[in-house]
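Below is one structure, written out as structure tokens, with a few remarks after it.
No lab work stands behind these numbers, since they all come straight from the coordinates. No experiment lies behind these values; they were computed from the predicted model shown. All Cβ positions, glycine included, derive from the backbone under ideal geometry; neighbour counts span all protein chains shown.
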Amino acid sequence: MNPESFQLSPGKYLAPTVDWLNTNFHPFFDGLARLIESVLGGIETALLFLPPYAVILAAVALAAAVTSVRVALITLISLSFCWLVGFWTASMQTLALVTVAVIISVFIAFPLGVLASRHRRFESAIRPVLDIMQTVPPWVYLIPAVMIFSLGRVPAIIATIVYGIPPMLRLTTLAFNQVPKDLLELGQATGASPKSILLKIEIPSAMPTLLVGLNQCILLSLAMVVLAGLVGAGGLGAEVTRGLTRMEMGLGLRAGLAIVAIAILLDRLTRGALQRGRNPVGTAA
Amino acid sequence: MNTINDANEVLVDCQSVWKIFGARSSAAAKAVSERGLSKSQVLNEFNCVVGVSGASLQVRRGEIFCIMGLSGSGKSTLIRLLNRLIEPSSGKITVKGKDIASLNAGELRDMRARNIGMVFQSVALLPHRTVLENAAFGLEVRGIAKDERNEIARAALEKVGLGDWTARYPDELSGGMQQRVGLARALAADPEIILMDEPFSALDPLIRRQLQDEFRQLTKSLGKSAVFITHDLEEAIRIGDRIAIMKDGVIVQVGTAEQIVTKPADGYVADFVAGISKIHLVRAHSVMQPVAEYRRLHADAKLDSLLHASPEADIAELIDLTMQSDRDAVAVVDNGAIIGVVTTRGLLRGVAGTSAATVDVG
């Protein structure tokens, strides 16, 4: 007997599954791809429609209004940096990718996270899945995504969504488990409906931790979107890949710093929102 | 509803209610009703914990009913059975004549929203809402329009003395003020019954006494009924019209403060009562000596020259009267006739907390 015949090879079974999905569900995946493309295209067009300085001013004004002057300043610096190093278009493409991926991740992760906090058994069932999702090297996700959606932005986004779900899901579960029991009891004793308890007690109490989850989701998604430059996702990731393949130090460094700028921007924006949630200003009647 | 002014109307009626916690609680409940198992037998045989065992109580309209017990005595479980935050294992609980076990989810919510308010030890204020929004919470979940509920909540906050704090957030308030907001929130819904789950336990003694007095006054003036949980007998005596003493899930004794202090049902209650000052609880009628006996012992005494007190005068008043005169006795007068005499011996007996009947030997 040849020991090689005992070799465990999950790919042997997974690859045909992906092939089968591809042949039988092609119209579905195709529709999905079109939908994602159009949403992505829309956001990208919107971000690139105005001249860079107008977008930067609008973003700064928004940051000042929603968070703080400090965050507005960081917004100004990071976006201006992206523009000045000549990666405005690529930066906006990356932002669009991250935005779409994060929105979809949250839409999937939030309800599942709430479910996991309510049903212990569901939580213990998905925990190993989440563990695997978080420990498998991120570019491994790209393979099945590319097999189904071929090269481009769509497989990048799919892989990013999958990568962004676990942190959001875990922190949603944590956030809901941390809602003080006495507040839940208050809701019940007051005669609040389950919907009121969710909207008026649980979500507001869970908000700080939910925002931490969102922050993690965004930053991990950004990392994945950059990595997806390998499969033709465009944006800053493509610039980094180009720098790598051509051994152009300057190009790679500029693109890398632009990514850092975008990361800082997204991080501070969500943190700013988080801090605002902690000390409410201007909401007093 | 023409029974509203009936002072003896029973608002909450608990009849031999049991609560057993654990995976096999229903089997345990059955075994208890069939074989009368004790708490430790239930624990051994079914691995279930008895929270409340065979509790019966009635809360009447306008009454403040205190449930006193140490931690683990089942008092917090009992109060949660009254608004069905916890489902009883057996027994029947009626609120305003309705068996609450028969209510569906919507009816139960409605009853909690309209008839039974609750105030928590932890206060349970929503930190992201202003004081006003917190006080209006109960009305908000009932779907009352913003202007109206804010107006009602503002009025409730005025009642508890927080009219100027409506726009503040809970973390800007002291512990005592936060608990006032909790009370205002319960009052805003205008329920007939307020469940108070150790509301003042976490406060410092001075604030606690102040809130106790305010709570009693407010409840009485608004004509509300309250079930008040506490681990502090002095608090129960200060606030309660009647007091139930709980131990290991069982209600050991129910009665007025005076009944409990002067006639404790068992050694457990007696131990509790031992440290309680009796001077405001024991009254003239329970420490006085019959007139004939006084005459026999003090043949030369002139009864008419004694200062007079009513049968309801407490020991503190009697001491005051005794100090005012140079005689060592006070005459107890009811309807113009002297019905007995309180001597200094009687006073000392009262302070020690032993009623005249049990020690009156010489």
Legend entry - For chain B, convex hull of alpha carbons as volume per residue, Å³: 182
Legend entry - Shielding by partners, peptide B:100-113 (average Cβ within 10 angstrom, other chains): 2
Legend entry - Inter-centroid distance (Cα atoms) of the range A:99-167 relative to the range B:290-341, Å: 87
Legend entry - Fewest-first ranking of B:R180, A:R246, A:R268, using other Cβ atoms within 10 Å as the exposure measure: A:R246, A:R268, B:R180
Legend entry - For residues of A:178-189, the mean tally of beta carbons on other chains within 10 Å: 6
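Could you please rank B:K224, A:K181, B:K159, B:K30, placing first whichever residue has the fewest other Cβ atoms within 10 Å of its Cβ?
A:K181, B:K30, B:K159, B:K224
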Legend entry - Kirkwood hydrodynamic radius (C-alpha pairs) into Stokes-Einstein, the range B:8-47, 37 °C and 0.692 mPa s, D in µm²/s: 289
Legend entry - Packing-based order for A:15-23, B:37-45, using average beta carbon neighbours within 10 Å, highest first: B:37-45, A:15-23
Inset, instruction - From other protein chains only, count the Cβ atoms within 10 Å of every residue's Cβ in A:190-200, then give the mean. - result: 6
Inset, instruction - Calculate one ³J(HN,Hα) per residue across the range B:218-227 by plugging θ = phi - 60° into the Karplus curve 6.51 cos²θ - 1.76 cosθ + 1.60, and present them in order as whole Hz with x for glycine and proline. - result: 5, 4, 5, 5, 8, x, 8, 9, 9, 10
Inset, instruction - Considering the options B:A274, B:A299, B:I315, tell which one lies farthest towards the positive end of the dipole of the range B:255-327, charges being +1 on Lys and Arg and -1 on Asp and Glu at the Cβ, about the Cα centre. - result: B:A299
Legend entry - Estimated vicinal HN-Hα couplings, Hz - the range B:279-294 in sequence order (Karplus 6.51, -1.76, 1.60; Gly, Pro = x): 5, 9, 9, 8, 10, 3, 5, 8, 10, 7, 9, x, 4, 4, 5, 4
Inset, instruction - With only alpha-carbon atoms counted, please give the Rg and Dmax of the range A:30-76, in Å. - result: 14.5, 44
Inset, instruction - Take the Cα gyration tensor of the protein assembly as shown, multiply each eigenvalue by 5, square-root it, and list the three semi-axes largest first, rounded to whole angstrom. - result: 71, 30, 20
Inset, instruction - Pull up all non-local amide H partners of B:I339: gap of 5 or more, or a different chain, and H-to-H distance under 5 Å with H placed in the peptide plane. - result: B:V332, B:V333, B:D334
Legend entry - Under the Karplus curve 6.51 cos²θ - 1.76 cosθ + 1.60, θ = phi - 60°, whole-Hz ³J(HN,Hα) for the range A:167-183, x wherever Gly or Pro sits: x, 5, 5, 4, 6, 5, 4, 4, 4, 6, 5, 8, 4, x, 4, 5, 6
Inset, instruction - Quick one: dipole size for the range A:26-277, taken about the Cα centre, charges +1 on Lys/Arg Cβ and -1 on Asp/Glu Cβ, in debye to the nearest 20. - result: 320
Legend entry - Neighbour-count order for B:D147, B:D110, fewest beta carbons within 10 angstrom listed first: B:D147, B:D110
Inset, instruction - Given the options B:L347, B:L206, B:L139, state which has the largest fluctuation in a GNM of chain B using a 10 Å cut-off (strictly under) for Cα springs. - result: B:L206
Legend entry - Viscosity 1.306 mPa s, temperature 10 °C, Stokes-Einstein D of chain A from Kirkwood C-alpha radius, µm²/s: 76
Legend entry - Mean-position separation - Cα centroids, the range A:223-252 and the range A:46-65, in angstrom: 25
Inset, instruction - Kindly identify the range B:284-359 as rounded, prolate or oblate by the Cα gyration tensor criterion: order the square roots of the eigenvalues as a ≥ b ≥ c, call it rounded if a/c is under 1.5, otherwise compare a/b with b/c, prolate if a/b is larger, else oblate. - result: rounded
Legend entry - Cβ charges +1 (Lys, Arg) and -1 (Asp, Glu), total dipole of the protein assembly as shown, debye: 1320
Inset, instruction - Could you pull the Cα extents of the range A:3-86 along its three principal axes, largest to smallest, in whole Å? - result: 64, 35, 27
Inset, instruction - For B:K159, list the lysines whose Cα falls under 21 Å from its own Cα; do not include residues on the same chain fewer than 8 positions away. - result: B:K146, B:K220, B:K224
